[in-house]
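The values are calculated or read from the model by the stated rules, or taken from the named source; none is laboratory data. Since the structure is predicted, the reported quantities are computational estimates derived from the model, not experimental observations. Virtual Cβ from ideal backbone geometry, glycine too; neighbours counted across all protein chains shown.
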Amino acid sequence: MTPQEVVERALALPGADDRVVIVDEDTTANLRFAGNTLTTNGVARGSRLTVISIAGSGTGVVSRSGVTPDQIADVVGAADRAARDAQPSEDARPLVAGEAAADWDRPAEETSIAVFRDLAPALGEAFAAAEAGGRRLYGFAEHLVNSVFVGTSTGLRRRHDQPTGRLELNAKSPDMTRSAWVGAATRDFTDVDIAALDATLAQRLEWAKRRVDLAPGRYETLLPPGAVADLMIYLYWSAGARDAFDGRTVFSKPGGGTRVGEELAKLPIDLYSDPARAGVECGGFTVSHASSRESSVFDNGFSLGQTRWIADGKLANLIQTRHSAEVTGLAETPAIDNLIMEGPAGGKSLEEMIAATERGLLLTCLWYIREVDPQTLLLTGLTRDGVYLVENGEVTGEVNNFRFNESPVDLLSRVTEVGAASQTLPREWNDYFTRTIMPPLRVPDFNMSTVSQAN
Amino acid sequence: MRQIDPDFLALPLRQLADAALQRARELGAEFAAFRLERVRAETLRLFDARLEGSSDADDLGFAVRVVKNGTWGFAGGITLTPEAVAEVAAQAVQVAEVSAPLNREPVELAAEPVHEGVWVSLYDVDPFDVPLRDKVALLGDWSAGLLAKGVDHVSASLMQVKEQKFYADSAGTVTTQQRVRVHPSLTAMKSEGAAFDDMRTLAPPVGRGYEYLTGTGWDFPAELAELPDLLAEKLAAPSVKAGTYDLVIDPSNLWLTIHESIGHATELDRALGYEAAYAGTSFATFDQLNTLAYGSPIMNVTGDRTADHGLATVGWDDEGVQGQRFDIVRDGTLVGYQLDRRMALLKGLGRSNGCAFADSPGHTPIQRMANVSLQPAEGGPSAEELIAGVDDGIYVLGDKSWSIDMQRYNFQFTGQRFYKIENGRLAGQLRDVAYQATTTDFWRSMDAVGGPETYVLGGAFNCGKGQPGQVAPVSHGTPAARFRGVKILNTVQEGGK
């Protein structure tokens, strides 16, 4: 059966008052390597049917993989029973109405190991070059295609095909004391230039040959786009309207309500999501497999458009369900699967920002980022794979790694320069979030709390 | 003793395995393994005693893993017919062939006896046999009890997993396993003026069934009865003065420090660089085996895949290796690593100690953590006796924030509750505390290990590692222990306030 036929059969079965049916078809391929050699690899296929049944205002959600046509009724029956047993759902709303989208009948897209047809030999050449050049390459390439089909008993039929590709390349010196990293987000790997990425790694390992030990402290710091992405993704994940309204987050207003409308950054920074943004295109409607604080199964199919989370430095919106929007009295702004940050027009490139730096640190990426205090969104984590000392406009050596303690919200208020935004792969969170466009930032006093001995 | 569910045994397990292994052999694979598994997970979340969301999902599928010409090949599928399984076996061989030009290190596996058997974890009540409404009612009652005692909000959750695995390989091993785990958790929240804080139950996730929520293995009513007053005290507590303190750490916090600074640091794949680009490497490099002074001489750490109710406990791992118990740190010295079959042979360590695991049918097995545990001291002190030996210190309970660097040197942890220790006695809670240290400095500063009566098995459902990312459940047993001269941060000051 096609996914569309599964949706129709599940919706047609009698039982619940209303129903949402989601079919996810997934294919993946990956290559992993270490020390200039392959370590693991694989291809996999998955198919998942999720049935959300609504009886009165109770909901039942049952999800099963590899469902055969004769098992569809069992899944629907289980969801119907769960709905009848359930307490009323606080987020209950009329389902999103609609009709079949024009592309509804198209088959699911797929990937296979062949997506690495050009990448694999290029990696092989890079391994050989690295071996000859005294470098060891480590990393991972993955391509995943998710095709999701959403149908509701109110007539809505929407589908989306989402290709997600990522490449991480990490080069180390043979004694493992010097390390550099680059990453790329891609839809199909045709735009990935292994040789260029490897050349960047070679340059950075050269920078690291001069070692400078620095003590903990607050330093002027240039955060490259990938590091900014990791911090802003955490901010975004912490921007749930309901938790803010309940007084639990950095976006809660003391005494009640949220901080929407408050100035967060002195510079005119915009942080937004846009499903149609070229290079980071993502699904244009809500897909919710289970209700939570930031997601409601009743919102499945809800159309998404450009949404500003921070506009001109002011907090503009928080992540909402239709239910939480009603509770908080704010706009209906559900989560979107990309994140873009931009500053004033004419921002410099990272290279230009380095050239304009008298003395400061240039980071590569941040790692093991965890929340210390939700009230301030204080995060801790490590610098990784290259902290470089910039003096008089040039990189003059590599500095030891640090543990940082910083809040991305507080940091926004201290940023003194926003560079030109570009598509980037976050390091820490790219298992979950790859579609970002971020600028480099200059922070005059980034808090390096302690020295890490890690290389 | 419980049995494996009949509906899993009713699947054509051996027929599918035969189809996969035969096809792999025909295509020239030197080694082949077939794994069919079903992972069922139900999660429910309540907020202020009302159901906020629930999900009931299963993941049923199979994987074929081969070695062809010294290169791994892996493929996963979902269609449970001999024809489809044979096709996926062919894909696995194709993946090995496509990948071969990238491979400079031929794959060979440590020998393992052939096993045939069935294993079921220790539990009494299958949580999937308990109606959802009963679970919601229990968590709702507990939440309502907290709200009635003056907390502002309560979030509650219950995660339940049943994992069924069938494994067969070309050497002849055939195993079938089923294990169950549950994790109930409640968090109370309260604000006082501009200050907000929360406190979570200390009950760890365990390899038990629903009986864990009804009195076996943990006393939830007793813990919940204390929570509102403890939270109120925390909100009114003074902020810690940053500096250096002696610490007494409860198992509810120390398990996570063990996990991050010992568990991951003694994974041989990390020490050898296989995780260098992602999870990281380890300061405990292979050349330091049997010489590295990991901690003080009273430090003894074991890896264990046989511990009762352990989250990483199995009969056999995902390479067909029998679950074992082994030493990692003995009398303070590093003496062992966690292994899979490839690494055991590669480094001449003999038999694998059974630490291969895949979290789903779509993922290849990688080396994952055993239940890595700090051993108590026979006849050792109670927590009160440990505290009595501190003049100016802090008693730490419950885990919260954690972070450690990519070689497992530098870490920073917070907790659920911190008590000031003055002259051997607790002197009220403190706020805004984090402890920060370097792994070997920290473990070498341990001057007392609690007795067996202080030993508790903590753990987590969701230890992350590998690319593609995989999550693994793991337990860590530990007694209470005392550490001298640990750096304490004030987290408010760290935030620049």
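A few notes on this one:
- Residue B:109 being surrounded by 15 or more Cβ atoms within 10 Å (Cβ to Cβ) and under 27 Å from the mean Cα position of the chain (by Cα): yes
- Condition met for residue B:75 (aliphatic (A, V, I, L, M), assigned to a strand (DSSP E or B) and either in contact (Cβ under 8 Å) with a residue 60 or more places away in the chain or under 21 Å from residue B:320 (Cα atoms) (or both)): yes
- Inside the stretch B:317-340, residues that are in contact with a helix residue (DSSP H, G or I) (Cβ under 7 Å, 6 or more places away or on another chain) and of a type in the set (D, E, K, R) make up a count of 1.
- In the stretch B:166-187, the count of residues that are within 14 Å of chain A (Cβ to nearest Cβ) and buried (at least 23 other Cβ atoms within 10 Å of the Cβ) is zero.
- Candidates in the stretch B:456-479 are the residues that are buried (at least 23 other Cβ atoms within 10 Å of the Cβ) and within 14 Å of chain A (Cβ to nearest Cβ); of these, the one that is nearest to residue A:42 (Cα to Cα) is B:467.
- Residue check for residue A:79: within 12 Å of another protein chain (Cβ to nearest Cβ), modelled with pLDDT under 95 and not in a loop (DSSP other than H, G, I, E, B): no
- Where residue B:44 falls short, out of the listed (1) more than 9 Å from every other protein chain (Cβ to nearest Cβ); (2) closer than 20 Å to residue B:360 by Cβ: (2)
- Per the listing B:79, B:71, the residue uniquely at the interface with chain A (Cβ under 8 Å from one of its Cβ atoms) and within 28 Å of residue B:178 (Cβ to Cβ) is B:79.
- Set A:60, A:139: member being within 18 Å of residue A:287 (Cα to Cα), within 12 Å of another protein chain (Cβ to nearest Cβ) and in contact (Cβ under 8 Å) with a residue 24 or more places away in the chain: A:60
- When A:28, A:39 are checked against the criterion of being touching a residue at least 24 places away in the same chain (Cβ under 8 Å), facing chain B (nearest Cβ under 10 Å), out of contact with any Cys (no Cβ under 7 Å at 6 or more places or on another chain) and more than 28 Å from residue A:325 (Cα to Cα), a single residue qualifies: A:28.
- Residue match in the stretch B:361-375 (condition: aliphatic (A, V, I, L, M), within 14 Å of chain A (Cβ to nearest Cβ) and under 30 Å from residue A:26 (Cα atoms)): yes
Yes/no per residue for (1) surrounded by fewer than 23 Cβ atoms within 10 Å (Cβ to Cβ); (2) in contact with a strand residue (DSSP E or B) (Cβ under 6 Å, 6 or more places away or on another chain):
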residue	(1), (2)
A:11	yes, yes
A:15	yes, no
A:27	yes, yes
A:53	no, yes
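- Within the stretch A:85-106, considering residues that are free of Cβ contacts under 8 Å to residues at least 40 places away in the same chain and not aliphatic (A, V, I, L, M), the one nearest to residue A:16 (Cα to Cα): A:85
- Contact map, the stretch B:480-491: first residue within 12 Å of chain A (Cβ to nearest Cβ), second residue assigned to a strand (DSSP E or B) and among the acidic types (Asp, Glu), Cβ cut-off under 9 Å, separation 6 or more or different chains; pairs are B:491/A:373.
- When the stretch A:7-39 is filtered for residues that are out of contact with any helix residue (DSSP H, G or I) (no Cβ under 7 Å at 6 or more places or on another chain) and closer than 30 Å to residue A:78 by Cα, the ones remaining, listed by number, are A:7, A:8, A:11, A:12, A:14, A:17, A:18, A:22, A:24, A:26, A:27, A:28.
- Candidates B:227, B:213 - the one that is farther than 30 Å from residue B:423 by Cβ, in contact (Cβ under 8 Å) with a residue 60 or more places away in the chain, assigned to a helix (DSSP H, G or I) and away from chain A (no Cβ under 14 Å): B:213
- Taken over the stretch B:258-276, the residue count meeting the criterion of being within 14 Å of chain A (Cβ to nearest Cβ) and either of a type in the set (Lys, Arg) or within 21 Å of residue B:443 (Cα to Cα) (or both) is 9.
- If only residues of the stretch B:25-41 that are outside any helix (DSSP H, G or I) and acidic (Asp, Glu) are counted, the one that is nearest to the chain's Cα centre (by Cα) is B:37.
- Where strands (runs of 3 or more DSSP E) fall wholly inside the stretch B:112-208, the ranges with 2 or more residues that are within 22 Å of the chain's Cα centre (by Cα) and within 18 Å of residue B:54 (Cβ to Cβ) are B:153-169, B:174-192.
- Residue check for residue A:428: surrounded by fewer than 24 Cβ atoms within 10 Å (Cβ to Cβ) and in contact with a Cys (Cβ under 9 Å, 6 or more places away or on another chain): yes
- Annotation note: of B:307, B:279, B:284, the sole residue that is within 14 Å of chain A (Cβ to nearest Cβ), surrounded by fewer than 24 Cβ atoms within 10 Å (Cβ to Cβ), in contact (Cβ under 8 Å) with a residue 12 or more places away in the chain and assigned to a loop (DSSP other than H, G, I, E, B) is B:279.
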